[in-house]
There are 2 protein chains.
Amino acid sequence: MAAPSNAEALIPQFKFEKLLNQDQAGRRIVLQGTIADQPALLLAERAAFDADESHLSNFSSSLSHIQNLGDNDIYRWYMAHSGSAQGQPPDLKINLIYPCTDQHLKKYAAQAVRHVTETADIYRHHVRPYMQAKRDQGRLNWVFNILDGRTEQQDVLFRSPHDTTPDDERYLLLPDLNWDRKTLGSLHLLALVERRDIWSLRDLKKKHVAWLRSIVSDIAANVSRLYGIDEDMLKCYVHYQPTYYHFHIHIVHVSLEAGATQVVGKALSLDNIVSQLATMAGDDEAGMDKVDLSFTLGEASELWTQVFLPLKEKRLQ
Amino acid sequence: MAAPSNAEALIPQFKFEKLLNQDQAGRRIVLQGTIADQPALLLAERAAFDADESHLSNFSSSLSHIQNLGDNDIYRWYMAHSGSAQGQPPDLKINLIYPCTDQHLKKYAAQAVRHVTETADIYRHHVRPYMQAKRDQGRLNWVFNILDGRTEQQDVLFRSPHDTTPDDERYLLLPDLNWDRKTLGSLHLLALVERRDIWSLRDLKKKHVAWLRSIVSDIAANVSRLYGIDEDMLKCYVHYQPTYYHFHIHIVHVSLEAGATQVVGKALSLDNIVSQLATMAGDDEAGMDKVDLSFTLGEASELWTQVFLPLKEKRLQ
């Protein structure tokens, strides 16, 4: 009945009872079981790759049971085993880009990130014109196509009823591209407002507080109804800087694992922005264009190379 | 010279040149190389565990080359191989808790999370008294021991010079427990203020704006000097709710991988809070105790069971 004192000998004696937990990416599992009839927890996690040159130079030839899952032009993806397999499920996902270009190398190389503060002045003089230029280049055509009903209508989960909703208050709901559209715990939707005068949170003003509160509550009710999720299991956030300059709201399940998309310095809680507007000094026209906003930028981003780096080096003011 | 058309046959032909990138946890690597003298990128990622019952029930007995790294009472940790090894480095980290208690099971089981809004009223009537109770239970003694110089002095990286810094403006810098204290890309420090009247960001007022700006700039200068990091590669954030009720600031390298600690609904940019205070309506005494703050709470947390659940169920108001 006494457990063996040799630590290594304990592991093979573990008797599995149930999968107690796993993280979203599934690279960590917590197994509940027993050893010698006493309760035990076994936590297993994928380890980091060995970054040793001698190991990496043999890495591709050491793979076994390579199975091609699909390919598109120069992109191919696979499942494979590290070392020999012996009836185990594959433990590696592999992508191959071949032949690749310099652009691919640049995209996948480690990119340094900078933390910047966009003051109201920097916004007005440099960032707002940058946003205007991006809009003028037609980068939002795909958004307008959806709003106007020309494309992706099969993906629209909800659209404000036009007969009862004023023009300025309409929005539609879409699944985010990164959501698999079925796993509730990683639900990720986007709300696109139909009005085109709000480019980002910078355009939100005190006069929008009532509308924003109603949109948040309407989104929660609709998503709750569509997916059978409690309203307090959803959260809404916006990005600054956003990827495109048409105001849109991210709606995620609270258990969606935090990743780069929800990080401080990139994501802001919509509820907190609304509360910030409500307690801000000034009249109805006062708004988020007056505050300093701090965020992170990759050194390869145009905002860094065209605005914040020149400002830092005093080539721009 | 032509590359083989068989996708599987490409992989073993990959000739390694350099490690182009890896994520912080090291579970994804990007290798630059060539196939038949043309440039190629190989991206390898640890796969999710197979959550199939039949696989999990054999999981522990399928491990090989189990190596015990250490143990402490009922906690043991290991490196191991999934399947057989053949000279590969270990690909698994294992923890064993044995014998474990019900508390362990509860801690490691998946916990549902709720999104709540703490209004100014809820803060004043329910959360502030809860914070007071936690402080009265002596939960901050470890903080006060550090501030008073009784413990952990060897860890203090910086302390405001007492002869030149007013009482209310002093702080000290410590490494965060989760930082390995050497990898600059994952640098994580804590600034503890010496004053004891600010329990959380809820106590920050317009009158503190100048002090907060000077503390942020002082922290950046000190960390930059201590570790040779550019100031714009650092960001400062605070948690709400925080883990303990004495005002403290997290300082991280911008490249520290986003995790639960930096997630929207938990972390707020300190710069943005200062800007929010600066543009807030009211006199010097106006502050963050007047705004609604939304955040997520685990269902097992006391704030959920003692405050927000009873409020939701109208057992409390």
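Between A:Arg195 and B:Ala281, the FRET efficiency from the beta-carbon distance, with R0 = 22 Å, is close to 0.25.
Give the shape of chain A as rounded, prolate or oblate, defined through the alpha-carbon gyration tensor: a ≥ b ≥ c are the square roots of its eigenvalues, a/c under 1.5 means rounded, and otherwise the shape is prolate if a/b is larger than b/c and oblate if not. It is prolate, given that a/c is not under 1.5 and a/b is the larger ratio.
If you run the Gaussian network model on chain B, springs between alpha carbon atoms under 10 Å, then out of B:Ala220, B:Ala109, B:Ala281 the most flexible one is B:Ala109. The Cα center of region A:106-132 and the Cα center of region B:267-283 differ in position by 21 Å. In this simple spin-label model, placing a label point 7 Å from the Cα along the Cα-to-Cβ direction at both B:Arg150 and A:Asp37 gives a separation of 4.8 nm.
Give the separation of the Cα centroids, region A:27-69 to region A:207-234, in Å. The two parts, judged by their Cα centres, are 41 Å apart. Mean partner shielding of peptide B:102-111, defined as the number of other chain Cβ atoms within 10 Å of each residue Cβ, is 4.
With label points set 7 Å from Cα along Cα→Cβ, the inter-copy distances at B:Trp211 are 3.9 nm, sorted shortest first.
Note the buried accessible area between A and B here, summed over both chains, with a 1.4 Å probe, in Å² to the nearest 100. Approximately 10100 Å², summed over both chains.
Per residue, the accessible area of chain B comes to 45 Å², computed with a 1.4 Å probe over protein heavy atoms only.
Keeping the other protein chains in place, figure out the carbon and sulfur percent of the accessible area of chain A, with a 1.4 Å probe. Solvent-exposed carbon and sulfur of chain A make up 48 percent of the total. Rounded to two decimals, the Cα-based Rg/Rh of the protein assembly as shown, with Kirkwood Rh, is 0.97. Inter-chain neighbour count for A:144-150: the average number of beta-carbon atoms from partner chains within 10 Å of each residue's beta-carbon is 0. Between B:Asp50, B:Asp176, B:Asp167, the GNM of chain B built on Cα springs shorter than 10 angstrom shows B:Asp50 fluctuating the most.
Short-range pairs are left out: with C-alpha atoms under 8 Å and at least six residues apart, the relative contact order of region A:56-97 is 34 percent. Given R0 = 25 Å, the distance between the Cβ atoms of B:Asp121 and B:Val143 translates into a calculated FRET efficiency of 0.30.
For chain A, with a Gaussian network of springs between Cα atoms less than 10 Å apart, report the residue from A:Ser255, A:Ser64, A:Ser186 with the top mean-square fluctuation. For chain A, modelled as a Gaussian network with Cα springs under 10 Å, the answer is A:Ser64.
Summed over qualifying helices (DSSP H, 4 residues or more, each -39500 (n - 2.57)) and divided by its residue number, chain B shows a 222 nm mean residue ellipticity of -5500 deg cm²/dmol.
Look at the Cα gyration tensor of region A:56-97: its axes a ≥ b ≥ c give a/c of at least 1.5 with a/b at or below b/c, and that counts as oblate. Rounded to the nearest 20, the Cβ-based charge dipole of chain A about its Cα centre (Lys and Arg +1, Asp and Glu -1) stands at 440 debye.
Across peptide A:285-297, the average count of Cβ atoms from other chains found within 10 Å of a residue's Cβ is 4.
Segment A:Ser61..A:Tyr227, full-extension length gain: 55.2 nm, with 0.36 nm per residue of separation and the alpha-carbon distance subtracted.
Each other copy places its own label point for B:Ser61 at 3.7 nm from this one, sorted shortest first, where the point lies 7 Å along the Cα-to-beta carbon line. By how many degrees, between 0 and 90 and to the nearest 10, does the Cα long axis of helix B:209-227 differ from the longest principal axis of chain B? Computed tilt is about 40 degrees.
The values are calculated or read from the model by the stated rules, or taken from the named source; none is laboratory data. This structure is a prediction, so every number in the text was calculated from the model and none was measured. Here the Cβ is made from the backbone with ideal geometry for all residues, glycine too, and neighbour counts use every protein chain on show. Keep in mind that these areas ignore ligands, DNA and RNA; they rest on the heavy atoms of the full protein, side chains included. Shrake-Rupley method; radii C 1.70, N 1.55, O 1.52, S 1.80 Å.
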